[in-house]
Amino acid sequence: MTLAMNEPVQYQFRLFVAGDTTNSAQAIANLRALCRAHLPDRHTIEIVDVFHEPARALADGVFMTPTLVKLGPLPGQRIVGTLSQLHAVLQALGLGGIAE
Amino acid sequence: MSIYKPELSSTDKASTDKEVAALIATLHETGRRLEELTGGEVDAVLGRDGAPFVLRHAQAELRRHEAARQAAILNALPAHIALIDNQGAIVSFNRAWQGFAETNGLPAPSYGIGINYLDTCDKACGGDEAAEGIRSVLAGNLSSFAMEYPCHSPTQQRWFLMTVTPSSHDAKTGAVIMHLNITDRTQAELGIKRLNRVYAVLSEINALIVRVHDRDELFREACRIAVETGGFLMAMIGIVDRATNKLVPVASAGKDEQFLTAISNLLSSDEKASTTMAAKAIRNKAAIISNDSEGDPGALFRENHTRARVRSLAVLPLIVSGEAVGILALYAREKDFFHDEEMKLLTGLADDIALAINHIDRQERLDYLGSYDPLTGLANHRLFLERLALLTRGAADNGHRLALFLIDLERFKNFNDSLGQPAGDALLQQVAQWLTQHLDDVNRVARVGADHFAVVLPEESHAGDAVGQLEAMVEALLLHPFRLKGDVYRIAAKFGVAIFPDDGPDATILFKNAEAALKKAKVEGHRHLFYTQKMTENVAQRLSLENQLRQALGKDEFVLHYQPKVNLASGEITAVEALIRWNDPRSGLVPPGLFIPILEETGLIYDVGLWALHQALRDYLRWRAAGLHAVRIAVNVSPLQMRHPGFVALIKQIVASDARAAQGLELEITEGTIMGDMKQAIASLQAIRALGIRIAIDDFGTGFSSLGYLSKLPIDTLKIDRMFVIDMATDEQGLSLVSTIINLAHSLHLKVVAEGVETEEQSHLLRLLKCDEMQGYLFSKPVPVDVLEQQFLYKRSGK
C-alpha cells in the first residue's frame, strides 16, 4: 500500500477525432500541451479516428468529435470540444489544484 | 465548449445513449443548429451505425485545407507538373508548368486546362515516344514511364526528364505528368565526357611526340588521334609557307574532300585569307574558338560548316620560338564544345606539338650531319647501328634471323697511295653505289669506316640463306669492273659475318662480333669468316657439298638403287622402290641422310627428282623390252615437286613417251606433302592417277596420323612406317595399332605395304594381320639395278 501511495497517478486518455478536421487537430494539440505541462511522464494518449474506427466510437458511446474520454484514474469523464479553455478542462479533469 | 459528465456506468449508459441518439437524429436534420450549439467546436457527429457525419463548416474547411495544401506542395516543386485525365486532357497543373509555358512563349491553348496533352505530344517533334509512354500508363500497361530528352531553346541547351505515373492505384483515372529540368546534370555529364576526350587526345599525342621523328608523321598522326580518339569530326594542321606567307593545310583527318578544298581555296585567296579564324589565330598568336559555327558571324565558313555538320571549332596557333608557324584546327560536331577547361588542355597540346616541330626541325639538320657519310651518302656507323637495332627488334618479333656482313676492301690503302686520294674516294663512292644496287635497299648499307662497309640482310629461316647471299655477293663483287681514270679495277674484299640472334642478342654486340670475325678473317687469310667457328666450318662443308651436288647431276653421279617389295602371301616380288644414291667420285656412295636434306633446302631436289623419274622409267621400259619380270617402280616425290604448278603436266609429258610407261610407275608421297594444301594436292593426285600411275602414301603414321583424311585421298597404297613395324613385335599396343591400320586401309580398298621388315617374326605377324606386301632387309636391301635384274627379275623367266 505504501508503495502504491508513492507511485504517481497515471492519466489515461482516449481522444476521438474526425480525420484532419480543424477542431480535431486543435483538440489533439491542446491535449498534448496540457499533458506536457501538467502530467509529465504520467499520461498515455490514444487517438482514435472515427473515420477509420467508427465501431470504437459506438462502443465508447461517443457521438461527436472531438471527444476526450478520461479512462483513468476513475471516475471516468468525457469532454467534447477543442479543449482550448485550459482552466475549465483542468477543473473538469480534477487537476484544478495543480494548475494553480 | 460543452462538458457533460455522466460516468460510463452501464446502467444509465443505455438511457443516455437513447437520449443522445434521439438528439442526434434531430441534429442530423439541423446540422446548422448543432454547430451553433457546440460553438463550432465539433467537427463530426456519428450516426447510429457509427458512421461519421462531418459537419458542413468542417467539411468545407477540410476541402479548402486539402486543396490549398496540395496546391502549395505542387507549386513548391521545381518540376513542371500536370494532372491529366484518362483521355489525356489536362485537369490541373502547377506554377512551374505554367511558368515554363509562358516563358517559352507557348500559346495558352497548348498547355492549359482541358487541352489534350497527348495531342500536344503527338505534334511535338520527337514526342512520339512520350505520347506512347503516357498512353501505356493510362492503359495500365506500364506502372510508370520515364524518358530523358533534349529541348533546346533558341538561346540555351536544355535537357528534361519526363515521368508519368498513375494518379491513383487505378490508372484509368488519369496520370501525373512531370517534366524536370536536368540540364545541369546533363551538362555536367557531357562536360566530363568532353574533357575526358580531350585528355585522351592529349595523352596519345604526347606519346606520339616522344615516338615520332618525322614532321609529316607527327602531323598526320596527331590529326588521326584527334578524330579517332577525341571524337572530333575533323582535325587539320596547317603550316605557314614562308615564301608566300600563306597557310597551307599539311595534314588532316576526318575531313571530306569538298571541305578541305574549300578551306585550301579560302586560305590561298588573296583578299579573304587574312580574315579567316586561322589567320587571326596566327596574327594574334592566340586560340580562337567559335562555339556556334552556324550562328557565329566571325566564322566565314558558315555554309561549309553546316554542310559538314560542324557545330563548333577551335583554331590554335602553333608557336615556335615566339613565331606562329601554323595552326591546329579542331572541328566538333557538338555545339558549345570548347570551354575554358578544354581550351586550357588544347592550348597545352598545341604547345607540345609546336615543341615537337621545333625539335624535329633541329633533329633533322643534326641527323643528316650526324648520321650520314658525306662522301658516299650512305648511313654512317651511328645511324647504321640505330637501324640495325630496329631491324633486330623486328626480327626478334617475327622470329627471323639477320645476317650482318662487315666488308673490308682489300689493299685499299695501296690503292689510295698509288692512285691518289681522289681516285680512292671515287672508288669508295662506286663501291657504295654497287652495294646499294646489289641489295636494292639503301637502308641496309652503310659506310662504317675508312674502307669498311656494313650490310644487313634478312634471313627467312636458317643460316643457309646468309651463306648463299654471301657467296653471291663475294662473287659478284669480284667480277664487277670498277672504272677509275679510264682503267678497270677488280676489288677483292674480306667479310666478317655475325648472325642475329645466334651471335649477339642486340645490334651493338652483333656488330662487335662481326668486327671480330672480320679481324680474324684478315689475320687468318680467309675470304670470309663467321663469328661462330662451328658455323664457319658447317658453312664451308655445306657449301662444298652444295657445290658438288649441283655438279653431280651434270656429271651423272646420281644412281638409283631398288628395293624389292614382296607379296606376303605368295613370296613373289610385286614391285620395287627406287632410292637415289650419290656416287661421289672422291668418297664413294654418300648416305642419303647426308645429301637429301641439302637437295631439298637448295631446291635441287626438283631436278634430281625429275631425273629419278626419267631413270626409273627408262629401267622399267628396258626390263619390258628385255622380257624381264618388269615390276612397277615406286619413285619418291618431294613436297617441293608436288607443289610445283607444272608438276602434273611434266608427269603427263614423261608418261606420254611410251604407252606402257604409266603402268610401270607408282609415286610415293608423304603425309606432309598433302596436308599443306589438301585441295590442290588431291586435284594433282587425281590427275596423275587418271594417267594410270599409282599413288602410295609413304611413312604412314609419322605425319598427321589422321586416319579420317585417308578416305578423301585418291590413293592406291599405304606404306606403314618402319617404326610401327618395329613396335609391333615388341609390344601389344604396337601390334593392335598395325592391325588397325591394315584393317582400315583394307576397308578403304587400299593395298598395305610394311616398310623396314627385318625379322622373320615381323614378317610372320604381318602375314597373320593380312598385310599385303613387305619391304625390308629381311628380303633384300636396296640394290643396284644390275643386281636387281640378276637376282630378282630373272627369277620367273630363269626358273
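The values are calculated or read from the model by the stated rules, or taken from the named source; none is laboratory data. Since the model is a prediction, treat every value here as computed from it, not as a measurement. Glycine also receives a Cβ, built like all others from the backbone with ideal geometry; neighbour counts cover every protein chain displayed. With ligands, DNA and RNA removed, areas are computed over all heavy atoms of the protein, side chains included. Shrake-Rupley method; radii C 1.70, N 1.55, O 1.52, S 1.80 Å.
Going residue by residue through the range B:494-508, is there one that turns out to be outside any helix (DSSP H, G or I) and either more than 41 Å from the chain's Cα centre (by Cα) or farther than 26 Å from B:HIS400 by Cα (or both)?
Of the range B:494-508, the ones outside any helix (DSSP H, G or I) are B:494-506.
Checking the rest, the ones that are also either more than 41 Å from the chain's Cα centre (by Cα) or farther than 26 Å from B:HIS400 by Cα (or both) come to B:494.
Checking the range B:494-508: at least one residue is outside any helix (DSSP H, G or I) and either more than 41 Å from the chain's Cα centre (by Cα) or farther than 26 Å from B:HIS400 by Cα (or both).
For the range B:657-676, residues that are in contact with a Leu (Cβ under 9 Å, 6 or more places away or on another chain) and over 17 Å from B:TYR709 (Cβ atoms) total 8.
A:GLY72 passes every criterion in (1) farther than 18 Å from A:GLY94 by Cα; (2) in contact (Cβ under 8 Å) with a residue 24 or more places away in the chain apart from (1). Of everything in the range A:46-72 that is of a type in the set (A, V, I, L, M) and open to solvent by 30 Å² or more (accessible area, probe 1.4 Å), the residue that is farthest from the other protein chains (Cβ to nearest Cβ) is A:ILE47.
Just checking, does the range B:69-85 include any residue being within 14 Å of another protein chain (Cβ to nearest Cβ) and under 30 Å from A:ALA25 (Cβ atoms)? Steps first, please.
First, pick out the residues of the range B:69-85 that are within 14 Å of another protein chain (Cβ to nearest Cβ): B:69-70.
Retained after the next criterion (residues that are under 30 Å from A:ALA25 (Cβ atoms)): B:69-70.
Yes, the range B:69-85 contains at least one residue that is within 14 Å of another protein chain (Cβ to nearest Cβ) and under 30 Å from A:ALA25 (Cβ atoms).
When the test is whether a residue is buried (at least 21 other Cβ atoms within 10 Å of the Cβ) and either touching a residue at least 24 places away in the same chain (Cβ under 8 Å) or in contact with a helix residue (DSSP H, G or I) (Cβ under 9 Å, 6 or more places away or on another chain) (or both), A:LEU95 does not pass it. Considering the range B:770-799, the residues that are within 57 Å of the chain's Cα centre (by Cα) and surrounded by fewer than 19 Cβ atoms within 10 Å (Cβ to Cβ) include one that is farthest from B:LEU737 (Cα to Cα), namely B:PRO784. Identify the single condition in (1) surrounded by fewer than 15 Cβ atoms within 10 Å (Cβ to Cβ); (2) within 14 Å of another protein chain (Cβ to nearest Cβ) that B:MET147 does not satisfy, given that it satisfies every other one. Condition (2) is where B:MET147 drops out.
Inside the range B:489-502, can you point out the residues that are farther than 16 Å from B:LEU409 by Cα and out of contact with any Leu (no Cβ under 6 Å at 6 or more places or on another chain)? If the condition is that a residue be farther than 16 Å from B:LEU409 by Cα and out of contact with any Leu (no Cβ under 6 Å at 6 or more places or on another chain), then B:ILE499, B:PRO501, B:ASP502 are the ones that fit.
Given the criteria within 21 Å of B:ARG382 (Cα to Cα) and assigned to a helix (DSSP H, G or I), does B:VAL431 qualify? Against the criterion (within 21 Å of B:ARG382 (Cα to Cα) and assigned to a helix (DSSP H, G or I)), B:VAL431 qualifies.
All conditions but one from (1) out of contact with any Leu (no Cβ under 7 Å at 6 or more places or on another chain); (2) open to solvent by 30 Å² or more (accessible area, probe 1.4 Å); (3) at pLDDT 85 or above apply to B:LEU378; the one that does not is (2). If you filter the range B:545-571 down to residues that are more than 20 Å from B:ARG618 (Cα to Cα) and in contact (Cβ under 8 Å) with a residue 40 or more places away in the chain, you find that the one that is nearest to the chain's Cα centre (by Cα) is B:GLU546.
So if I check each of B:GLU61, B:GLU41, which one is part of a helix (DSSP H, G or I) and either loosely packed, with under 12 Cβ neighbours inside 10 Å or facing chain A (nearest Cβ under 7 Å) (or both)? Among B:GLU61, B:GLU41, only B:GLU61 is part of a helix (DSSP H, G or I) and either loosely packed, with under 12 Cβ neighbours inside 10 Å or facing chain A (nearest Cβ under 7 Å) (or both). For B:ALA22, the criteria (1) within 7 Å of chain A (Cβ to nearest Cβ); (2) at pLDDT 70 or above hold in every case but one, which is (1).
B:SER684: touching a residue at least 40 places away in the same chain (Cβ under 8 Å) and part of a loop (DSSP other than H, G, I, E, B), yes or no? I'd like the intermediate steps shown before the answer.
Numbers: touching a residue at least 40 places away in the same chain (Cβ under 8 Å): yes; part of a loop (DSSP other than H, G, I, E, B): no.
When the stated conditions are applied, B:SER684 does not pass them.
For the subset of the range A:24-45 comprising residues that are open to solvent by 10 Å² or more (accessible area, probe 1.4 Å) and polar (S, T, N, Q), which member is nearest to B:PHE53 (Cα to Cα)? Here the answer is A:GLN26. State whether the residues of the range B:195-209 include one that is without any contact (Cβ under 8 Å) to a residue 12 or more places away in the chain and of a type in the set (A, V, I, L, M). Within the range B:195-209, one or more residues are without any contact (Cβ under 8 Å) to a residue 12 or more places away in the chain and of a type in the set (A, V, I, L, M).
For B:GLY449, the conditions (1) surrounded by 21 or more Cβ atoms within 10 Å (Cβ to Cβ); (2) modelled with pLDDT of 80 or more; (3) of a type outside the set (Lys, Arg) are fulfilled apart from (1).
Please go through the range B:612-626 and give me each residue that is open to solvent by 40 Å² or more (accessible area, probe 1.4 Å) and either under 19 Å from B:ASP556 (Cβ atoms) or at pLDDT 95 or above (or both), ordered by number.
Pass one, the range B:612-626, residues open to solvent by 40 Å² or more (accessible area, probe 1.4 Å): B:614-615, B:618, B:622, B:624-626.
Answer for the range B:612-626, where residues must be open to solvent by 40 Å² or more (accessible area, probe 1.4 Å) and either under 19 Å from B:ASP556 (Cβ atoms) or at pLDDT 95 or above (or both): B:HIS614, B:GLN615, B:ARG618, B:ARG622.
Being open to solvent by 20 Å² or more (accessible area, probe 1.4 Å) and of a type outside the set (Asp, Glu): is that true of B:LEU599 here? Talk me through it step by step, then tell me what you get.
Working: open to solvent by 20 Å² or more (accessible area, probe 1.4 Å): no; of a type outside the set (Asp, Glu): yes.
In short, no.
Inside the range B:76-90, residues that are farther than 17 Å from B:THR163 by Cβ and either outside any helix (DSSP H, G or I) or open to solvent by less than 50 Å² (accessible area, probe 1.4 Å) (or both) make up a count of 4.
Given the options B:ILE598, B:ILE605, name the one that is part of a helix (DSSP H, G or I), modelled with pLDDT under 90 and either farther than 19 Å from B:GLU668 by Cα or among the acidic types (Asp, Glu) (or both). Residue meeting the stated conditions: B:ILE598.
Just one residue in the set B:VAL497, B:VAL539, B:VAL488, B:VAL474 is at pLDDT below 80 and of a type in the set (A, V, I, L, M, F, W, C); that residue is B:VAL539. Would you say A:GLN85 is within 7 Å of chain B (Cβ to nearest Cβ), in contact with a Lys or Arg (Cβ under 9 Å, 6 or more places away or on another chain) and of a type in the set (S, T, N, Q)? The answer is no for A:GLN85. Taking the options B:LEU553, B:LEU518, B:LEU549, name whichever one is modelled with pLDDT of 85 or more, under 29 Å from B:ASN380 (Cβ atoms) and not in a strand (DSSP E or B). On inspection, the qualifying residue turns out to be B:LEU518.
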